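The structure appears right after this line, and notes come after that.
The values are calculated or read from the model by the stated rules, or taken from the named source; none is laboratory data. Computed from a predicted model, the values in this text were never measured in an experiment. Using ideal geometry, Cβ is built from the backbone for each residue, glycine included, and neighbour counts are taken over all protein chains shown. All accessible areas refer to the heavy atoms of the entire protein, side chains included, with ligands and DNA or RNA removed. Shrake-Rupley method; radii C 1.70, N 1.55, O 1.52, S 1.80 Å.
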Amino acid sequence: MASQQALQQAFRVVVENVLNRWTALRLAVEHGMGGPLGLNTAIELIDYVTSYCTENKNVDAIDLREVLEEIMDQEFETICEDESTQEVSAVLIKYLRMLKEGKEEEVKADLHTMVPCEMWIVSGAKIKYQPIDDSGSESDEDTNDPEDMDVEPASAMDVGSEQVNPSTCGSSTKFIEEEAIDPGWTQVRGRRRR
């Protein structure tokens, strides 16, 4: 490669291609694990990885894996137990070394042989957010059995003048509370949104 800037530009294309194919990152963004600005964080991740790899002389796959794991944990509250951070970092370092050896045409050819994918990590992309189902249920059927639900006493749910409902924050299930059947307890019935 002729210059640092040319290396960065060529490697950024590689990083974009690899991270757009990383399922764990996409799922973290789609499920809102990066907060409402998760897509922006993913865009920043491309820039950061590009800079990190091209500005550090002796970066290797282990260093990059640790960086990716830390970013996924800190920014997306996600721990990749599938070893995908190891795979992603190994692929990125392989292409970085090829670019440093002047094999830009080989890298381009490899990128063209990758399975086509949607380039979703772009500013203004429409992400289909999928709410996290924290009900722990394995089926899509509604269960109205109160014995299957953890229900807090109504008095424990009041904090000062604020009403707190921690068990349903972010849930796709809408709960309707009815009058107490048994003193001190509230019956909660689940109803799925459609």
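Quick rundown of the values:
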read-out	value
Segment 71-94 versus segment 13-50: alpha-carbon centroid distance in Å	11 Å
Filtered GluC sites (Glu not before Pro), segment 24-117: DSSP coil and at most 13 other beta carbons within 10 Å	77, 81, 83, 101
Extension gain, residue 106 back to residue 122 (0.36 nm per residue minus Cα-Cα distance, nm)	3.2 nm
Heavy atoms of residue 43 accessible to a 1.4 Å probe, total area in Å² rounded to 10	40 Å²
Cα gyration tensor shape for segment 1-113, rounded if a/c is under 1.5, else prolate or oblate	prolate
Extension gain from residue 5 to residue 40, taking 0.36 nm per residue of separation minus the Cα-Cα distance	10.3 nm
